[in-house]
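Report on one structure; see the data block that follows.
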């Protein structure tokens with residue numbers, strides 16, 4: 001009877017030993033990993049590299065963002081300088097087209113002065129041609145003449161020099177000292193006028 005118990009105990013111990021060896025084998029197999037080529041992978045080193053990778057990625061991203069910001073700053077600085085040059089050129093040469101158009105008027109005036117003495121008709125004709133070319137040129141630049149005679153006085157367009165009795169209704173412009181002008185519809189010089197105060201009593 002004792003021999004049977006000993007045999008049973010030996011079998012149990014042997015079975016337990018086999019289970020322990022199996023568990024150790026599973027643990028070893030779990031700790032060993034192979035790469036694509038079948039080589040063993042050091043999992044501890046790989047985990048350390050994975051821990052470092054996010055930091056390196058963040059540093060690379062910061063460097064790229066810094067480079068982008070520097071490039072944008074340089075582009076904005078170049079744009080600012082170019083805009084300053086363009087504005088300066090616009091101030092210097094903004095009237096170039098207008099000045100070139102005025103040269104035709106000057107040419108006509110010089111030709112009028114070259115007319116023979118005593119030939120008043122030729123001088124007057126030259127001055128009239130010059131005046132016509134002047135008005136045409138001004139229209140091209142949206143400069144419009146304001147004539148006020150016969151119209152009701154408008155303080156937005158006219159400047160009254162004085163009032164005088166007249167057969168015209170009170171407030172009517174009866175004479176114009178100089179014409180007014182608008183630029184793109186905005187008054188740049190009012191017409192200077194004489195305004196009727198109504199019939200003399």
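For a distance above 26 Å, tell me the whole-number percent of Cα pairs in the range 91-201 that qualify.
Details: 2497 of 6105 pairs.
For the range 91-201, the fraction of Cα-Cα distances above 26 Å is 41 percent.
Go ahead and run the numbers for FRET between residue 163 and residue 189, Cβ-Cβ distance against an R0 of 22 Å, rounding to 0.05. Mind dumping the intermediate values first?
Working: r = 21 Å, r/R0 = 0.95.
Taking R0 as 22 Å, the efficiency between residue 163 and residue 189 is 0.55.
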Review point. In which sequence would 153, 141 go, from the one with the fewest C-beta neighbours within 10 Å to the one with the most?
Key: 141, 153
Review point. How far is it, in nm, from the label point at residue 154 to the one at residue 59 when both lie 7 Å from their Cα along the line to the Cβ?
Key: 7.6
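In percent, how large is the relative contact order of the range 144-201, given Cα pairs closer than 8 Å and 6 or more residues apart?
Details: 152 pairs, mean separation 26.2, N = 58.
It comes to 45 percent, rounded to a whole number.
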Check your understanding: Which value in Å is the Kirkwood Rh of the range 121-168 over different Cα pairs?
Key -> 13.7
Check your understanding: Based on the Cα atoms of the range 144-201, what semi-axes does the equivalent ellipsoid have, where each is the square root of 5 times one gyration tensor eigenvalue, given in whole Å with the largest first?
Key -> 23, 9, 8
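Bear in mind these aren't lab numbers, they're just calculated from the coordinates by the rules spelled out. On a predicted model such as this, the values are computed, not experimentally measured, just so you know. Quick reminder, even Gly has a Cβ in these numbers, built from the backbone with ideal geometry, and neighbours come from all protein chains shown.
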